[in-house]
Amino acid sequence: QVQLVESGGGLVQPGGSLRLSCAASRIMFIIYNMAWYRQAPGKQRELVAGIESGGRTAYVDSVKGRFTISRDNAQNRVYLQMNSLKPEDTAVYYCNAQSRVNNYWGQGTQVTVSS
């Protein structure tokens, strides 16, 4: 079955950086719009960044200028480079793959920003 496997989460101090990676398997990756969502305790899951199959990107206002989403279609991977991390970025980060007919989620990776 389709798998989305996230990696790269962890504990980082405020101002630090992390790079999340999502490896996709058993899908025609190139046709999927990919995205990163996050969910903090007691809050709804929110869209953080998305990248369309054609490469166009979009970001939630709170991460603009700090986070960068990218994709490698040859490796079936999507990345989220997170810089200048803040405590409010603490959440479980989920990889999402969406086509016209399918919507898949990864299991999530924890990101904790704390001193």
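The values are calculated or read from the model by the stated rules, or taken from the named source; none is laboratory data. Source: prediction; values computed, not measured. Because the Cβ atoms are built from the backbone with ideal geometry, glycine has one as well, and the counts that use them run over all protein chains shown. What goes into the accessible areas is simple: the full protein's heavy atoms, side chains included, and nothing from ligands, DNA or RNA. Shrake-Rupley method; radii C 1.70, N 1.55, O 1.52, S 1.80 Å.
Points to keep in mind about this one:
- Set LEU80, LEU85: member being in a loop (DSSP other than H, G, I, E, B), touching a residue at least 40 places away in the same chain (Cβ under 8 Å) and open to solvent by less than 40 Å² (accessible area, probe 1.4 Å): LEU85
- ALA49 falls short of the stated requirement of being in contact (Cβ under 8 Å) with a residue 40 or more places away in the chain, open to solvent by less than 60 Å² (accessible area, probe 1.4 Å) and not β-branched (Val, Ile, Thr).
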